[in-house]
Amino acid sequence: MALMLEGLELLLLVLAVVFSAFAVETRSLTRSVFGLLLFTVAVGLIFVALGAVHIGAIQMIVYSGGVMALFLLVLMVTTRRDET
């Protein structure tokens, strides 16, 4: 059981690094915000896996909600252009 939990924690840590790198390196604003959203969810799941369920829930609700508000703001403020 402990080995499976450590494997899950390692997988979540790798996913958090991948999503954060995706959020920084992508050129599309919507994909970048989506990567940031997945990063905050991965960090919340890391907290839950480590036993801090309340902190993980707050992380996922507050920060993921903030990222979705940022996503809506980005869509409303920026002008769309055709990317070819």
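Every read-out reported here was derived from the displayed coordinates using simple, explicitly stated rules and does not represent laboratory data. On a predicted model such as this, the values are computed, not experimentally measured, just so you know. Glycine also receives a Cβ, built like all others from the backbone with ideal geometry; neighbour counts cover every protein chain displayed.
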Note to self: What distance in nm lies between label points placed 7 Å from Cα along the C-beta direction at residue 21 and residue 79?
What the structure shows: 3.5 nm
Checklist line | Highest-fluctuation residue, 73, 13, 29 considered, GNM on the chain with Cα pairs under 10 Å | finding: 73
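Determine, from the Cβ-Cβ distance of residue 70 and residue 13 and an R0 of 25 Å, the FRET efficiency 1/(1 + (r/R0)^6), rounded to the nearest 0.05.
With R0 = 25 Å, the Cβ-Cβ based efficiency is 0.60.
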